[in-house]
Every structure is written in C-alpha cells, then in structure tokens.
DNA sequence: ACCTGAACACCGTTCAAGT
DNA sequence: ACCTGAACACCGTTCAAGT
C-alpha cells in the first residue's frame with residue numbers, strides 16, 4: 001500500500017483509540033490499536049515513541065477536560081470545581097488509571113494544570129508550604145476517589161469476611177450507588193475546611 | 001531433576017519473591033520469579049493459578065501488616081492506627097500499587113481487615129450509612145497517599161509548566177521530604193474530625 | 001504431589017524497504 | 001514523510017512426561 005496523500009495517523013488519534021479500547025475492553029495493546037485504525041503496528045511508531053507515550057497522551061486527553069482555573073472566583077469554589085472535574089475525568093475512564101499511575105507524569109497539559117492551581121492559591125494568600133500541602137491533599141483525594149469509582153476496594157455485598165449481622169447492618173445502608181459520590185463530596189468539604197484553616201494561620205508576610 | 005523430598009515452592013514464597021522483585025526492579029514477570037527461585041516457569045503453576053493470583057497474594061502480604069483493630073481503644077485512635085499502617089504498608093512497596101489497583105480484591109486477609117474495621121465502627125455507634133461513608137473516605141485517603149509516596153503526581157522541582165516566580169515561591173517551601181507525610185497526616189486529622197461529626201449526627205436508634 | 005521441557009499465542013520494539 | 005513486512009527478544013499459560 002502506497003503512502004496516502006494525507007497522513008491517516010496522528011498522536012492524538014492513536015491515544016484516543018487506545019483510550020477507547022481501555023473503556024470498552026479494560027485494556028489496550030499496541031497491536032490492538034493498530035488493528036482498530038486499520039494500519040500496521042510499525043506505523044504507530046512514526047507518531048509515538050512507544051507504549052508509554054500513548055499512556056502519557058491519554059493523560060493529556062483527561063487533563064484537557066479539567067475545569068480551567070477561574071481567576072475571578074473565590075478560591076474555595078475554584079478549588080472545588082477543579083477537584084470535581086479532576087475526579088470525574090479519571091472516574092469516567094477507570095481502566096486507564098492503572099497504566100497512568102504506573103508512570104511518571106510528563107504530559108505538559110497535566111503539569112500546567114497543577115501550575116495553574118498553585119498560582120491561584122498563591123494569589124489567594126496561601127504561602128509556599130500551604131500550597132504544597134493543599135495540592136498534595138487534593139491530589140490524594142481525587143485520585144483515591146477516582147480509583148474507588150473504577151474498582152471499589154470493598155465488596156459491600158457478599159463479602160465473606162464480613163459476618164452476617166454486620167452484613168445485614170450494612171444492607172440497611174441507604175447509600176447504594178451514591179456511596180462513592182457522597183464519600184468524595186464529604187472528603188472534599190472536609191479538605192476545603194482544612195485549607196481555610198491553613199489560610200487563616202498564614203503569616204501576613206508571604 | 002527428580003522431585004525434591006521436601007517441596008521447595010509455596011504460594012507465599014512465590015508471592016514474597018515477586019514483591020521483592022517489584023521493590024528492587026519496579027516490576028515482576030513470571031519467568032523472573034521462577035529464575036529467582038531457581039525453578040522452571042511451569043513449576044510455579046502448581047502453586048498459583050496465574051499471575052493475578054500472585055498479585056493477590058502480594059495484597060495479602062501487605063494487608064497482613066495492617067495494625068489489628070484494637071477493641072479496647074477509642075475509635076479515633078483505632079482508626080488512625082489502622083489508616084497509618086494501611087498507608088505505610090502500601091507506601092513501602094510503591095511498585096506493587098499499579099498491579100494491585102488493576103484487579104478486584106479477592107484476598108481474604110484484606111477483606112477481613114475491612115470487615116473488622118466496619119465492626120469496630122458499628123460498636124462505636126456509627127450507623128450503616130456512616131460506616132460505608134467512613135470506610136470509603138479512609139480508603140480514598142490511604143490509597144491516594146500511598147500512590148503519592150510512590151509516584152508523586154507533581155514534579156515540584158523543575159516543573160517546566162510552573163513559571164519561575166512560582167517556582168521560587170515553592171522553592172521557599174520548607175516541607176521537603178515531609179511533604180507526603182504531612183499531607184497524609186493533615187488529611188487524616190480532617191477525616192477523623194468529619195467522622196466525629198458523622199457520629200454526633202447519628203440517630204440514637206441504630 | 002511436584003518439577004520439567006517444549007509448545008502456543010501473544011506482546012512491544014526495531015529496521016530495512018517501499019513510495 | 002509515512003506506511004509496510006519481517007524479525008527479535010520477550011511474556012503468560014498449558015500440557016504431556018518424568019519421578
């Protein structure tokens with residue numbers, strides 16, 4: 001087959017296809033991506049350096065859906081919007097999380113997101129230590145919650161290790177499908193309160 | 001080579017070897033485990049059903065190091081001890097986290113840990129919904145924090161996406177190596193406060 | 001019961017060859 | 001510049017064969 005007059009492949013198309021495979025089958029391999037695109041495996045390597053770069057491109061796709069940091073908003077609302085969009089973006093593609101957490105972030109879109117968040121916090125009066133702590137806590141919260149949606153740690157129903165009185169007690173929990181959502185929102189509210197206290201304790205001079 | 005008079009392999013030995021490889025090289029493959037044990041690859045399959053079972057055995061090794069739920073302790077201290085040991089156990093083996101989060105928990109030791117925690121909360125007066133929320137939040141916190149230790153999301157130094165005034169501002173952060181530890185502890189304190197409020201709002205009748 | 005060697009269907013990556 | 005086919009060193013898993 002001759003070279004097409006117009007390139008049929010691109011980094012983004014490859015990453016999008018891989019993400020699609022993750023969503024539908026829970027995994028992706030380089031040959032599968034090639035087959036999905038009707039192209040030979042080696043063709044992909046003209047656009048991405050390897051599998052790791054595809055994963056990093058997926059990270060970029062997700063980070064591109066984070067809520068932009070709005071500078072005209074009070075910091076609690078801005079942080080909340082950012083955190084929710086972060087968690088939602090990852091939770092919408094649970095199968096992508098294991099490969100993503102397995103490699104260091106180099107995607108510039110993602111790095112810029114953290115930079116923008118740090119800048120917003122600084123302009124809101126947070127000092128260096130508080131900014132570092134705030135982002136650490138928010139990151140823990142969002143990633144933990146995203147993992148929880150994709151692969152809940154606890155089997156709430158029919159967990160053989162939970163004795164039956166407890167089983168029936170938990171059976172009375174009314175949360176159901178809202179469990180992960182409610183847990184995240186409560187964690188977020190607590191984190192925002194903690195951040196407010198961090199800000200209040202700030203030395204005037206930063 | 002004839003069959004040894006005493007079995008040289010066992011499920012636990014295999015899992016321990018795999019965890020060791022993860023710690024030292026960041027990954028493990030079935031052939032590598034076999035080689036490390038001086039045994040042929042197919043021998044392993046007499047003790048474990050496959051790679052997934054090895055990963056699940058690793059989960060059991062880590063869960064075995066969680067602090068036992070002490071029933072004579074006030075719930076906040078018991079929860080704190082449990083959460084710290086959970087986070088520490090995973091953070092000590094960061095390379096194990098990606099394979100672990102990629103598959104559903106079936107390890108009985110781990111399942112029993114969650115069961116014991118739920119039981120302790122119930123005896124402390126938490127209702128079904130509160131227990132489910134509490135465990136969800138604690139799980140998010142510990143897993144997020146463990147991930148953070150192994151593979152920090154943010155490159156705090158030399159992140160090209162953070163402009164240089166911000167870079168110097170963050171350079172003034174005094175946290176350093178304590179960052180992850182402090183972030184987790186702050187998150188834990190906030191979570192415990194939230195749980196206390198949850199308990200206070202509990203209807204008398206559970 | 002427990003270990004082995006050989007085989008199978010895969011995987012990620014490279015590279016000379018085509019247009 | 002962009003796609004291809006063939007090759008390479010791997011991987012997880014199975015299975016008949018040995019003691």
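Read the figures in this text as sums done on the coordinates, not as results from a lab. These figures come from a predicted structure and were not determined experimentally. Cβ: placed from backbone, ideal geometry, glycine included. Neighbour counts: every protein chain shown.
Once the Cα atoms are used to define both axes, helix A:75-91 deviates from the longest principal axis of chain A by about 40 degrees.
Calculated FRET efficiency, residue A:172 to residue A:77, Cβ-Cβ distance, R0 = 41 Å: about 0.70 to the nearest 0.05. Taken along its principal axes, the alpha carbon cloud of the protein assembly as shown reaches lengths of 63, 63, 39 Å, longest axis first.
Highest-first packing order for the peptide set B:23-34, A:38-49, B:127-138, B:108-119 is B:127-138, B:108-119, B:23-34, A:38-49, based on the mean count of other beta carbon atoms within 10 Å. For chain A, the mean residue ellipticity at 222 nm estimated from helices alone is -20000 deg cm²/dmol, where every DSSP H run of n ≥ 4 contributes -39500 (n - 2.57) and the total is divided by all residues, rounded to the nearest 500.
When the chain is fully extended, how far beyond the present Cα-Cα distance does residue B:51 get from residue B:12, taking 0.36 nm per residue of separation? My answer for the length gained is 12.7 nm.
Starting from the Kirkwood Rh over alpha-carbon pairs, what translational D in µm² s⁻¹ does the range A:71-115 have by Stokes-Einstein at 4 °C and 1.567 mPa s? Don't skip to the end; give the middle numbers.
Details: Rh = 12.1 Å.
Estimated diffusion coefficient is 107 µm²/s.
How big is D for the range A:47-180, in µm² s⁻¹ as a whole number, if Stokes-Einstein is applied with the Kirkwood radius of its Cα pairs at 37 °C and 0.692 mPa s? Reported coefficient: 194 µm²/s. Normalising the Debye intensity of the range B:95-166 to I(0), with uniform scatterers on Cα atoms only, and taking log10 at q = 0.12, 0.28, 0.29 Å⁻¹ returns -0.52, -1.25, -1.26.
Projecting the alpha carbon convex hull of the range B:2-102 along each direction and taking the average yields 7.9 nm². Placing one equal scatterer on every Cα of the range A:33-91 and applying the Debye formula, the log10 ratio I(q)/I(0) at q = 0.18, 0.19, 0.25 Å⁻¹ is -0.70, -0.74, -0.96. The mean number of partner chain beta-carbon atoms within 10 angstrom of a residue's beta-carbon across peptide B:191-203 is 2.
Mean partner shielding of peptide A:42-50, defined as the number of other chain Cβ atoms within 10 Å of each residue Cβ, is 0.
The mean number of Cβ atoms from other chains found within 10 Å of a Cβ in peptide B:96-109 is 4, as a whole number. Could you tell me the center-to-center distance, by alpha carbons, between the range B:41-108 and the range A:90-121 in angstrom? Cα centres, the range B:41-108 to the range A:90-121: 26 Å.
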